[in-house]
Amino acid sequence: MKFFSTSVQYIYFNQNALVSVDDYILSVLPSTQTLHFNNNQISNTGLFVPGKISYNLTALSLNYNKLRNIPVSFLRKLPNLEQLGLSWNRLNIIPQEAFIKNPQLRIINLAGNQIHFTHATSLKGLLNLEHLDLRFNHISSLPSEIFDPVNHDFRLLLRGNNFTCDCNIFFHQKWLEKTRFYVDHILCLVPEFGNYTRLISFEFDDTCVEPTSVSPVSSNETVTETSSKPLNVYWKISLVVIAIFAIVFSISIFQRVLKTSTPTTDIRLEEVGERRG
């Protein structure tokens, strides 16, 4: 697909049978600011022209398509992007540093996908984020560090995900109580009753314990420390057993000495008596 006018600022190509987005469109339309390709059959973002090209696009909408991955390489060519719509596709994860080259992004819509995993650095670089929509995905928890790079308030939508009211999300409730971000009502399934309740008000069992912070150590140190604990216990038990065995052995030896020494004395006394007689 080619466009011959280079002054087009808004392109709407919705509800068509497109299966890919050809990078050629943006290479010949440097002034384009808004691009909508909703309700198509797009599964990839096409081929890229050679060279380092930074496009002026500020709004990109690819909702209701068949994308399986967030087009990270494509997004890194859009440093001025402010709005991104990837809802109702087939996305599975939000990869690490997915938006590292999009510091102007304010609105991200990822609702209605199959996202079940988010990386701790998925939101790194989003300096102006205002709205993140993750509703109706397969998210059961979020990394506690995922919001560290974002140092300002923004709207976070998480309804319609696979949260279950058990100890696995006890930490998540604590995070909701402390977070400075706006979060809509999150519901979690209560298995024993088969209904949903608000996560923020659910009363967890006393057995659920908030994870404590662990000082960073290398994997080798962790293995060594973990494996040394059972060895220390075994050594202590072995020493106790050896000590008990030594005491018992000493007592038995002492008893044997007493038994053997008594008859000898009696015999010697008898011999002395006979000699006197």
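Overview of values
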read-out	value
Accessible surface of segment 160-203 [probe 1.4 Å, protein heavy atoms]: carbon and sulfur percent	51 percent
Extended-chain gain in nm, criterion 0.36 nm per residue less alpha-carbon gap, Leu189 and Trp175	3.2 nm
Computed lengthening from Val248 to Asn44, 0.36 nm per intervening residue step minus Cα-Cα distance	65.5 nm
Cβ crowding within 10 Å averaged over residues, with 81-94, 145-158, 243-256 ranked highest first	81-94, 145-158, 243-256
Average accessible area per residue (Å²) across segment 117-199 - probe 1.4 Å, nucleic acids and ligands excluded	51 Å²
Extension reserve of the Thr197-Asn151 stretch, reckoned as 0.36 nm per residue once the Cα distance is removed	13.6 nm
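The values are calculated or read from the model by the stated rules, or taken from the named source; none is laboratory data. Since this is a predicted model, take the numbers as computed values, not measurements. When we count neighbours, we look across all protein chains shown, and the Cβ atoms used for this are built from the backbone with ideal geometry, even at glycine. Note: accessible area is taken over every heavy atom of the protein model, side chains too, but ligands, DNA and RNA are not part of it. Shrake-Rupley method; radii C 1.70, N 1.55, O 1.52, S 1.80 Å.
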